[in-house]
Every structure is written in structure tokens, then in C-alpha cells.
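Readers should treat all values here as calculations from the given coordinates under stated rules, not as data from a laboratory. Everything numeric in this text was worked out from a predicted model, so none of it was measured. Backbone-built Cβ (ideal geometry, glycine too); neighbour counts: all protein chains shown.
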Amino acid sequence: MPTEKLDLLQGTLDLLVLQTLASMGPMHGYGIARRIEQVGADALMLNQGTIYAALVRLQQGGFIGAEWGTSDNNRKAKYYQITARGRKRLGAETANWQRMAGVVQRILTAPAGEAAP
Amino acid sequence: MLMNPIRTFLTRLRAIFTKPALDADFDAELAQHLEAATADNIRSGMTPDEARRQARIALGGVDQTKELQRDARGLPWLENLVRDVRFAIRSLIKSPGFTTVAVFTLALGLTVNAVFFTIANDLFFRPLPAYAPDRLVVVAQKGPAINFQLPFSYPDVEDFRRFLKADPAAAPDLARVFSDLMAYKEQVVHLSLAGKSTERAFVHVATENYFSLLGMQPFLGRFFLPTECRVASADPIIVLTYDAWAHRFGANPEIVGQTLKLDGVPFTVVGVAPEGFFGAAFGRALSGFVPITMLPKLSDPYDALKRGVLCAYVVGRLAPGATVAQASAAMNVAFAQVMKANPDQSLKDSRAVVMLESNSRPGPGIAHFAPVIMAALSVLSLLVLVVAIANVANLLFARSSAREREFAIRSAVGARRFQLIRGLLVESTVLALAAGVVGAIASVWLPLPTPSPSDFAPDAHLGTDWRPFVFTGIAALVVGIVTGLLPALKASGIAPLASLNNSGNSGTGRRHPWRSLLVVGQVAVSCIVLIGAAMALRSFVFLAHSPTGFKVENRTVASFDLGMQNYSPEQGRRFQAQLLERLRALPGIESASLTTSPPLDAFVNRKGGVTAAGASKEAARSAPTVACVYVERECLATLGMRVEAGRDFTAHDGPGAPFVIVVNRALARQLFPGQDPIGHRVSVQGNVAEVIGVVGADRFYSLTSDNSPLFFGALEQDYHSNVSAIVWTKESTGSIGPDIAKVVHDLDPDLPIYRIQTLAEQVEKSPLGLMPFRIGAVVAGAQGGIALLLAGAGIFGLVAFAVTRRTREIGIRVALGASRFAVMRDVAMGSLVLVLIGLAVGLAISLAASRALSGLLAGVGHGDGLIIGGVASLVLLTALAACWLPARRAMLINPVDALRAE
């Protein structure tokens, strides 16, 4: 495990938020931030505040919806949930990301001396 | 992630306007976040204080988060802009004096340009109300001997259309470049509806495809049928314009099928054209459209359907993909065929000129002058704007110098240079936009002098379209940015520490190279504009005072056309004789007479083929056209024209006697160079007449040219139905017009009279008289005056600013015993040097430019000493006056006050 935390790639935060909402159901902002930190085993450098910019972007795109509700400890909190449009988007972006990761992986692991295809 | 950009933009725009609600919402969300995070932290064993602290650290700062979220949800640039605009408006309101002067100055410059663009828009840009007007071309012809672009004769038009449709072998390319060709002639008619008085009106007589080529559909009834307009006099039908239908015929829905009379001949109304359509000639107010083949039924003294009678302009629709150049080439091949087949009825070396419809305004005959004149005026307009910009830039320099400490503080607390520049640019743009609003309003409301001769169709009331407003808006934006750029760059470059340490009114005052350069430029540009204006004014004055050969004092004109009332020549002669008898019996009359053309008539009759008797056919063909005016025998005397040699017409030159003419000097020089023309015989298109006299009427029908050949014939020998009465009274002619009208209407109550005006008005209003020069002089004079005013204000501002900055220095010097005069000289001298440099630059440029301009103007030589001297002294005097006031203030500074003011 690297000692330094990883910077989040531009644009990937939106993807992570969508994935979190898709797998966990409606959540509030703090919950999403914690979830990403936990799953990422605290290896990601995440300013929790940046979650909110991502949430606004996703809302404007119609990928998530938001609603004030009541939290577990009976407090008012704003809950976000993924829309059908968001799920479609998530599928496309995930596939895209995996293809990209695969390509990067192949290039990084290509044995020396082998001719490029 | 990609999102729908428009949807996102709209959401974000909405976010700006619901900002307080969204902010409150997010505050609540953040509070909940922090609370939850703190609770988690406490659970994991932190003290409450540490838990809160760590929650904030994990968040990355409350304010930063809010800002990030706000930027993501709204449009940060727009919000910043709105904030800058509000700040600029507040700060401008705080200095009303500066704001008023700056807005007023820019408004002067923008108004001049907005008005100019409104004119140019009507001339070049507004589309003709027709289908695909950018594919319409107008065809005229131009020979080397004549300055105007002339129409074609109707048989020429028929030939072109035959080549196009039936005989492609003659001119093979014509069908490739034109999808159709039509022709029209503007015709004045006497229009009457049963039970109503007769009115003078203008129609287009046209070929049957006039409307189909323009792509129009009728509002009521129908247009011409393909079978109509083929046989002479066969189709007495008229299509009314919407305006004529609405205003003359009370918007009668039953109008189709009714009969009205044109020149006394019954015509059936078959249709009404749609609203806003005014025919193929842009901006002319017509009453209707009639088949061109009906010309013989209308008053048609020149037999307009005959070969060689140039009457009809051709309009073509370009085939898809065809260019104007190709159309011109094809048209010239066709025209060459026509001229070859009819050598005797063609102008020598004439060529077809094909121009886009938008380049054929204000009329095909004079359209080729429009770009030259407009280019000259546009340069002057832009220069006025440049002076205004320089002026306001100068004011902004002064203002930003006074605000140095404000900028220093703002940059010390973290404003970036870019933000300061943006703020200043927004300020100058707000100023310019306010000025643009003033300019746009003024351009709509300012009355423009337009020539309104009664022998053309009057201008249609077009109003204005969106283009001048867009132009003014864009111009204001550009002006705002250009004006503010230099001052903003300069002001934003201030080092905060140096400026804050400095106590405002610095002792010595820094040098301001930009401002000095602006003053030099301003003076130079004003100088150029003033010289342009002075040249226009001088040529106006020159023309107004140049000898015309006729006198205008106490003379009144009134015109009427008996032919359109169907008078036979005998009836007409009787009417004219009775009229003269009654006019001469009016009290206070010196004399009264008749002429076919009053001086400077825009439609003076011109004839080709005027030569010395016995000249060859070839010589007759190449002879330039000559104006011919037929006058009653007292006319030359009534107009105060002196017969320089030979004799005037007499009672003996009647119908039975040999034909006689009086020539002007220009024609005498042309026909009989170096000889005495008296007694020589002249052939006028085959008819021989004897020259009995010479008059000096060299500017009779065009003020600008003193070499316009002209002859007077005897009206008694050659009857004309369209004449003007000239009445010379003993006293001033203010009130004789109604008396003349009464005399005419006593003889024929139904005869429309037009052009009742004094001869002086005729000279001023005629497009061939002073009108164009008057417009030019007014426009250029206004531009020059504004430029001078602005330059004066600029110099005043510079000196006044220098005095303000140097108050303490001056105070010290005066306290140490410097003479007040020396102080004043010192303050003024720097500025006067700049003025002199500007003057030298301006004079040098305008000397070069006046060479180009002098061709357009009359009576102004290149490098006119009076103009240069006059303008130079005017600029110098203005500069002196502008320096004097603030310099005087410097002189009167009380040293004690000045030093205490710190």
C-alpha cells in the first residue's frame, strides 16, 4: 500500500458518487463521503466538501434527485437518490472507465521489446 | 461527465436568481453534515472540541465548500459580471458630473454613427420585401459620355427576354445565369376614382412577370396573368399597393373589379399587393402596378415603347449558383447583339451594368455614386467617434488617478489585477451602453434632411428595422471596451505600497504619456474632421453663390400636366394661353411664363443626336445627350436670363415660322467651337433649327457642372403638355402660390398641381441643386462641431487635471515668489505643445486625404489655404480657451490654502 494518498482523477468523483448511491440507496452528503472513504480504505485524498459540488453537478444533469428527509437519529437531512437516467449514465461511465483502466493496465504491463500492435 | 449544456445553463441561470433560498438550504445541509461528522468523531473517542475541529478539517473548510458548491450550481462569471455592473453603476452614480460628461460625450459620437448607419442601412442592407431578395439583380446601361446609369428601351427588354426563353443561340449564357428577367418603369399618373378629386400618383408599369419574379402573392384578387402585357394597350388593369388601397380607397374589401381612371383612361382593379410590399425599387411609395404595354394609353409624350427611348430598368433573378460577374458577362453578350442589330438607336460604347438589388439604391441611375459618398461620410463619422473615445479615455485616466488609493487598497486585500481590469472595463462599458441608448433613441427621432422632389415617387415610410439597434449596441460594447482598456491597464498596474504611502496629491505629479498621446491624437483627428466639414461647407457656399445664369428672387414655380388630363394639343395650347393671360392679370406681377422644365428639374428632357446641321450619322450617334427645355417666349426674361448674343424668342417665332433655338454657352462650345453660333443651323434628331441666341445658363439643370449643354426651344412651335408656370412678382413671393393654384383651378378644377414652391426652394430642394451639398454640409458640419467641442473638452480636462495634481507644487512656488504669470505659462505650455503637434499631424493627414475628397466637391481646391488656415486657427483658439480656464485657476491658487489642503 502506498504511503501517500491518491489524488482523485478529474471527473471520477461524480462516478463514485453515482456508484455509491446505486449500491446503497438514498443517502445524505456526509454518508456518501464516509462511504467513499471507507470503501477506498482511506487511500483516497478526499475533501468531503467537494462531494457537494459533485452532487450539484449530478443534480443539474438529472442523474440524481434530492429530498429533505429524516436521518436515523431523527435529524433532518437532505437525501440523494439515483434516477433512471443516472443508472444508465453509471453503466456507460463504468464500462468506459473499465475499458480505459484495461488499456492503461496493458500499456503499463507490456513486456519490454515487444513490438507495438 | 457530459451533460446537456442548455439544460445545465438554464438550471444554473435559475440558481442565480434563487440564490438566498439555495444558500439557506445548503447551510442547513452543511450544518447537518458537520453535526453527523462530529457525532461520529466523538463516538470514536475524541473530545467534543477535537471532534468538531476534525469534522471541519475533513470537510475542507466551511466557506471553501460553500464557494465550491455555489460555483458548481450557478454561473460564476455571470454572477461576477452582475456584481461588477452593480458596483460600476453605484460608483458612477457617486460621481454624477463625470458620468454625465462621459455619457454625453460618447452619446455624441455614437449618435453620429447610429444616424449614419440608419441611412446606410436603408441604402445597402435592408432586404427588399420579396422572395430571396439577395438573388435579385438590377441591370442598367452606362456609356462613357454620360455620368448616370441609364435604363433600356422596351424593345431591348423584349430582345433580352426572347434570348432567355426562346432564342438561346443568340446569347447562350443568359439562360444559365438568369432564371427570369423583367422590366419596370416608374410612371407618374393622374389617378381618379369616380366622385373623388384627381391625384398625382406614381406607379410601376411592368412586364407580366414582375410579381412572379419577385416571388409575391396577392393580398386580394390576382396579379398579372402570363397572357397579359403582350399586346399594346390590350390590358387596362391595375394592381394597387396595400398603402394606396388602405389610404386612398378606404381599405374597401370590394375593390377588386372596380374601375378607376389613370390619366382619364378606365382601368380595372384586379388585385391588391400585400402589406409592406412596395415594388422592385426599394423604399419608393407607389400606388400601383400596371402592364407596361399600357403605356400608349397613358400620357406618354416620348413614345416610351419605341426602340431607343430609354425608359425601363431590368430586374433579373439569378439562377442557382450564378454570380453577379457571370450575369454581367452574359448580359453584355446579349446587349452587344441588341446594339449591333439597332446601331442607330443605341448609345455609343454602352455596356450593361449588373448590380445586386441592394447595390441599386437609392435608384439604379445614381447607385454608383452611393458607395463613394457613404465611404467619405463614414470615415468622418468614425473619426468623430474616435475623438469621443479619446476624450472619455482621458477622463477615465483622470478618474483612475484620483482613485489610485482605492485600487491600491483593493489589490492589497487580494483583488487580482485581472479583477481590477474587469471592473474598470465594466464601468466604461456601462457608460458606453448608456450612451448607446441615447444614440439609438436619437437616431430614430432625429429628423433627417431628405430630398423630396415632387417628380419622383416619394419615400415610403419605412420606419426602421432591428439592424441600427444591433449596430448601436455592438458599437457601444466595442466603444466601452476600447475606451476603458488603456486607463484600466494603467490603473491596475499600480503598486499598492507606493501608492498608499503617497498622500494622494503628490507633490510633483507623474508624467502621463498615454494621456498626452491621446490629446495629440484627438487634436489631429478633430483637425481632419473639421477640414472635411469645412470643405463640404465651402463647396455648399460656393455653389449657393456661383452664377447660375438665372435669378431666383421673387419667383415661384407651379407645375401641372395637361396630357394626363387628356387635353388635345389644341385644348392644351388654349389652356396655356388663358392661364398666362390670367396670371399676368394678377396684382403685383412682374411677368409670368411657362417652361417644360424649371431650373434644376430632376427630369429635364434630354435628347441624343443633337449636332450641327449636316453632320454624319456617326457623329450624331456619338454626340453626348443635350438637355432641351421648351419655353414660352417671355420665359428667359422671367427667369432673369440675359441673352448674351443674338436675340430672345419673339411673337414671330410661332407655329408657322422656322424652328429656332437659344443655346447655352456649353452647347455653343460643343457644336461650334471657336465660332459665333448665331445663325448656324442645328439638327435635333433630324429636325433642323436655327440658333438665334446664346445665354449663359450653364448650370440650368445641374448646379455642380458648369458644362452642361442645353438648348431652349419655343413652346409655341413645339407643344408640350407637362409645363411649369414661372411667376415673377414685384414683392417677395411668400403668398403667390395659392393665387396661382386658384387661377389654375378656375380653369380646370380637377387638374392636380404639384411642385408649388418658390424658385429658391426649388434650388435648395432639388437633388441636382443644393440638396446633396446641404445634407453633406449639415452632416459634416455637425461632425466637425462635435469634434471641436470634444477636443476642447479633452484639452480642458488635461490641463485642469494637471493643475489639480500640481496644486501643492504651485502653492510652494507661489509662496517662494514665482510670478503668477510664470505659473500659468508653465501649466498651459505643456498642453499647447501637444496641441501644436496634433495640429501638425492632423493637417498633414488631411492634406493627403483632401486630394481624394476634392473630386466629390465643387469649388474646393486641394489644399485650400483658407480652409487650412481657418481650421488651424479655430483649433488653436479652442485649445487656448480650453487651457485658459484651468490655467487661470492655477494662477489664482492661494499658497496657504494649497499647502493646508494636505
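Quick look at the values:
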item: Reachable aspartates and glutamates, given that their alpha-carbon falls under 14 Å from the alpha-carbon of B:Lys730 and they are not under 8 places away in the same chain; result: B:Glu553, B:Glu590
item: Partners for B:Lys165 among aspartates and glutamates (Cα-Cα distance below 18 Å; same-chain residues under 8 apart left out); result: B:Asp156, B:Asp173, B:Asp180, B:Glu208, B:Glu228
item: Gyration tensor (alpha-carbon) shape descriptor, the range B:609-712, a/c threshold 1.5; result: oblate
item: Trypsin sites (Lys or Arg not before Pro) restricted to the range B:323-371 and DSSP loop, no more than 16 other C-beta within 10 Å; result: B:Lys348
item: Contact order normalised by residue count of chain B, Cα under 8 Å, 6+ apart, percent; result: 14 percent
item: Full-extension gain in nm, B:Ile812 to B:Glu275, via 0.36 nm per residue minus C-alpha separation; result: 185.7 nm
item: In order through the range B:113-121: 3J(HN,Hα) via Karplus (6.51 cos²θ - 1.76 cosθ + 1.60), integer Hz, x for Gly, Pro; result: 6, 5, 4, 4, 5, 4, 5, 4, 4
item: Column: log10 I(q)/I(0), Debye, Cα scatterers of the protein assembly as shown, q = 0.05, 0.08 Å⁻¹; result: -0.54, -0.98
item: In order through the range B:583-600: 3J(HN,Hα) via Karplus (6.51 cos²θ - 1.76 cosθ + 1.60), integer Hz, x for Gly, Pro; result: 5, 5, 7, 5, x, x, 8, 7, 7, 9, 7, 10, 8, 6, 9, x, x, 6
item: Beta bridges by DSSP in the range B:644-714, antiparallel share as percent, to the nearest 5; result: 65 percent
item: Calculated FRET efficiency for the pair B:Val541/B:Trp884, C-beta based, R₀ 25 Å, to 0.05; result: 0.20
item: Rg/Rh ratio calculated on Cα atoms of the range B:55-147 (Kirkwood radius); result: 1.37
item: Sequence-distant residues sharing a close amide H with B:Lys607 (under 5 Å, placed H); result: B:Val626, B:Ala627, B:Cys628
item: Restraint check, B:Lys340/B:Lys607; B:Lys196/B:Lys551; B:Lys185/B:Lys340, Cα-Cα greater than 30 Å; result: B:Lys196/B:Lys551
item: DSSP beta bridges in the range B:643-791 [antiparallel fraction, %, rounded to 5]; result: 65 percent
item: Label-point separation in nm, B:Asp897 to B:Thr268, each point 7 Å along Cα→Cβ; result: 9.1 nm
item: Per-pair calculated FRET efficiency, R0 = 35 Å: B:Glu581 and B:Phe672 via Cβ, rounded to 0.05; result: 0.40
item: Hz values of 3J(HN,Hα) by residue in the range B:281-294 - Karplus curve (6.51, -1.76, 1.60), Gly and Pro given as x; result: 9, 5, x, 8, 8, 9, 9, x, 9, 9, x, 5, 6, 8
item: Qualifying lysines (Cα of each under 28 Å from Cα of A:Lys78; at least 8 residues distant if same chain); result: A:Lys88, B:Lys19, B:Lys66
item: Distance between modelled label sites at B:Arg467 and B:Lys551, nm, 7 Å Cα→Cβ extension; result: 4.8 nm
item: Packing-based exposure ordering (other Cβ within 10 Å, fewest first) of B:Glu570, B:Glu357, B:Glu716; result: B:Glu570, B:Glu716, B:Glu357
item: Computed helical MRE - 222 nm, chain B, DSSP H runs ≥ 4 contributing -39500 (n - 2.57), nearest 500; result: -16500 deg cm²/dmol
item: Antiparallel DSSP beta bridges within the protein assembly as shown, as percent of all bridges there, nearest 5; result: 80 percent
item: Sites B:Ala341 and B:Ala741 - FRET efficiency at Förster radius 45 Å, r taken between beta-carbons, to 0.05; result: 0.40
item: Inter-site label distance for B:Ile373 and B:Ile481 at 7 Å from Cα along Cβ, in nm; result: 3.5 nm
item: Test item: B:55-68 mean partner chain Cβ contacts at 10 Å; result: 4
item: Extension reserve of the B:Ala175-B:Lys306 stretch, reckoned as 0.36 nm per residue once the Cα distance is removed; result: 44.6 nm
